[in-house]
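Colleague: Submitted below is the structure of interest, expressed as structure tokens.
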Ligand SMILES: NC(=O)c1ccc[n+]([C@@H]2O[C@H](COP(=O)([O-])OP(=O)(O)OC[C@H]3O[C@@H](n4cnc5c(N)ncnc54)[C@H](O)[C@@H]3O)[C@@H](O)[C@H]2O)c1
Ligand SMILES: [Zn+2]
């Protein structure tokens with residue numbers, strides 16, 4: 001069998017560095033790939049029902065090929081699984097598997113399974129290892145790297161969590177072949193984000209290759225994942241715990257996006273990545289309206305998001321609320337700092353910066369204008 005070469009990107013976190021391996025076919029070599037971080041032949045795997053339906057047999061075969069077996073915990077698919085009840089279930093499962101600090105559980109799935117399993121791993125035996133095997137584009141380019149883990153509570157999303165880095169990340173773009181197109185598009189929004197943050201060359205690349213990536217081109221997918229992970233690794237290594245402002249750049253589009261997710265009830269009406277796409281378009285247009293960024297850059301951003309089928313204007317969403325109500329959602333953002341809302345704005349494509357003095361009134365007025373279209 002021909003073996004595709006994998007790209008390895010080192011995430012250089014002081015005290016806890018790890019590799020992200022990216023390559024088509026990695027899932028079929030899973031046993032051999034995780035051997036180095038496993039002490040036992042029986043490994044614990046946490047996944048969701050949808051992912052299990054597509055990939056469980058392949059993972060079992062790949063582990064068997066390396067003389068390993070899996071104990072599976074298969075949870076319901078969906079955001080609601082990031083809950084206290086499922087967190088307890090994962091912890092109890094890991095304890096039943098007799099996992100020790102130097103062992104590692106495998107999280108096979110999207111951001112939901114990665115965030116939940118990683119959080120459980122941060123606590124069981126006061127912290128055991130975990131391997132991320134991300135199977136959504138969003139998880140491969142974003143959530144599997146960087147060590148943020150969390151669950152949701154009735155009061156909001158990701159309100160309880162921990163920083164806990166994985167010991168290894170294995171991203172196989174071929175697993176995306178079974179992912180619904182809508183989730184591919186949503187994950188792609190986070191890819192575009194890296195170009196907008198500080199890499200205009202990568203934004204150019206997105207304009208040229210984004211449509212092919214969405215359509216399923218394997219080379220475009222692999223390149224996008226590798227470039228995105230390299231960007232995230234660099235940013236996270238510079239500011240692991242979001243204390244200096246560098247890591248905050250990753251939240252571009254997320255303040256607007258989060259308000260829209262809240263307004264739509266964190267439902268299927270607006271996926272996280274769709275909210276981020278809209279949020280980046282709004283951040284660009286707000287930056288333009290504030291005289292910070294040339295109009296043609298904002299136009300280019302909106303045009304690219306539309307070209308790949310992502311929402312890029314509030315009219316795409318058909319909301320029945322006003323700008324003040326959306327702005328009020330931002331007040332509950334956990335990134336609020338002593339009453340002011342740090343906001344990510346742009347001076348141009350690839351020139352995102354953290355503005356600390358944005359007035360919520362100006363944001364509300366801007367959103368009213370956007371809603372009026
Ligand atoms: N930790 C971080 O840094 C970070 C960053 C961004 C987002 N997140 C979190 O990630 C979550 C969203 O992640 P997501 O978009 O991956 O959602 P998800 O994990 O819910 O996956 C989306 C859907 O795709 C299915 N799926 C996964 N892989 C599949 C495959 N290969 N084939 C077919 N179906 C598949 C899942 O079952 C699910 O129904 C949110 O909870 C968000 O808060 C975390
Ligand atoms: Zn995001």
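Colleague: Please work out if residue 284 is part of a helix (DSSP H, G or I), in contact with a strand residue (DSSP E or B) (Cβ under 9 Å, 6 or more places away or on another chain) and touching a residue at least 12 places away in the same chain (Cβ under 8 Å). Steps first, answer last, please.
Modeller: Values: part of a helix (DSSP H, G or I): yes; in contact with a strand residue (DSSP E or B) (Cβ under 9 Å, 6 or more places away or on another chain): yes; touching a residue at least 12 places away in the same chain (Cβ under 8 Å): yes.
Taking the combined requirement at face value, the residue satisfies it.
Colleague: On to the next question. How many residues are surrounded by fewer than 22 Cβ atoms within 10 Å (Cβ to Cβ) and closer than 16 Å to residue 22 by Cα if we restrict to segment 174-195?
Modeller: 2
Colleague: Please go through (1) away from ligand 2 (no atom under 13 Å from the Cβ); (2) more than 24 Å from residue 4 (Cα to Cα); (3) in contact with a helix residue (DSSP H, G or I) (Cβ under 7 Å, 6 or more places away or on another chain); (4) without any contact (Cβ under 8 Å) to a residue 60 or more places away in the chain for residue 220 and return the number of the only condition it doesn't satisfy.
Modeller: Unmet for residue 220, out of (1) away from ligand 2 (no atom under 13 Å from the Cβ); (2) more than 24 Å from residue 4 (Cα to Cα); (3) in contact with a helix residue (DSSP H, G or I) (Cβ under 7 Å, 6 or more places away or on another chain); (4) without any contact (Cβ under 8 Å) to a residue 60 or more places away in the chain: (2).
Colleague: Go over the candidates 199, 183, 204 one by one and state the one that is over 25 Å from residue 135 (Cβ atoms) and touching a residue at least 12 places away in the same chain (Cβ under 8 Å). Working first, answer last.
Modeller: Details: 183 fails: over 25 Å from residue 135 (Cβ atoms); 204 fails: touching a residue at least 12 places away in the same chain (Cβ under 8 Å).
The unique qualifying residue is 199.
Colleague: Name the residue, out of 234, 306, 269, that is surrounded by fewer than 24 Cβ atoms within 10 Å (Cβ to Cβ), closer than 16 Å to residue 145 by Cα and more than 16 Å from ligand 2 (Cβ to nearest atom). Before you say what the answer is, go through the steps one by one.
Modeller: Values: 306 fails: closer than 16 Å to residue 145 by Cα; 269 fails: closer than 16 Å to residue 145 by Cα.
Exactly one of 234, 306, 269 is surrounded by fewer than 24 Cβ atoms within 10 Å (Cβ to Cβ), closer than 16 Å to residue 145 by Cα and more than 16 Å from ligand 2 (Cβ to nearest atom), namely 234.
Colleague: Any idea which of 127, 111, 118, 156 is on the phi > 0 side of the Ramachandran plot and modelled with pLDDT of 95 or more? Walk me through it before giving the result.
Modeller: Details: 111 fails: on the phi > 0 side of the Ramachandran plot; 118 fails: on the phi > 0 side of the Ramachandran plot; 156 fails: modelled with pLDDT of 95 or more.
Unique residue meeting the criteria: 127.
Colleague: Being out of contact with any strand residue (DSSP E or B) (no Cβ under 7 Å at 6 or more places or on another chain) and surrounded by 15 or more Cβ atoms within 10 Å (Cβ to Cβ) is the filter here, so list the residues in segment 59-78 that pass it. Spell out the reasoning first.
Modeller: First, the residues of segment 59-78 that are out of contact with any strand residue (DSSP E or B) (no Cβ under 7 Å at 6 or more places or on another chain): 61-62, 64-67, 78.
Result: 62, 66.
Colleague: Looking at the structure I just gave you, is residue 281 crowded, with 23+ Cβ neighbours inside 10 Å and more than 14 Å from ligand 1 (Cβ to nearest atom)?
Modeller: yes
Colleague: Then there's this: Kindly indicate which of 261, 240 is out of contact with any helix residue (DSSP H, G or I) (no Cβ under 6 Å at 6 or more places or on another chain) and surrounded by fewer than 24 Cβ atoms within 10 Å (Cβ to Cβ).
Modeller: 240
Colleague: Related question: Can you pull out the residues in segment 14-28 that are part of a loop (DSSP other than H, G, I, E, B) and at pLDDT 95 or above? First the steps, then the outcome.
Modeller: We begin by selecting, within segment 14-28, every residue part of a loop (DSSP other than H, G, I, E, B); these are 14-17, 23-25.
Of everything in segment 14-28, those that are part of a loop (DSSP other than H, G, I, E, B) and at pLDDT 95 or above turn out to be 17, 23, 24, 25.
Colleague: Which of the following residues is more than 16 Å from ligand 2 (Cβ to nearest atom) and under 15 Å from residue 252 (Cβ atoms): 169, 200, 160, 191?
Modeller: Working: 169 fails: under 15 Å from residue 252 (Cβ atoms); 160 fails: under 15 Å from residue 252 (Cβ atoms); 191 fails: more than 16 Å from ligand 2 (Cβ to nearest atom).
None of the other options fit; the residue is 200.
Colleague: Have a look at 93, 130, 119 and point out the one that is touching a strand residue (DSSP E or B) at 6+ places or on another chain (Cβ under 6 Å), within 16 Å of residue 161 (Cα to Cα) and away from ligand 1 (no atom under 11 Å from the Cβ).
Modeller: Working: 93 fails: within 16 Å of residue 161 (Cα to Cα); 119 fails: away from ligand 1 (no atom under 11 Å from the Cβ).
Only one candidate qualifies: 130.
The values are calculated or read from the model by the stated rules, or taken from the named source; none is laboratory data. Small disclaimer: the values here were computed from a predicted structure and weren't measured. Positions of Cβ are generated from backbone atoms using ideal geometry, with glycine treated the same way; all protein chains shown enter the neighbour counts.
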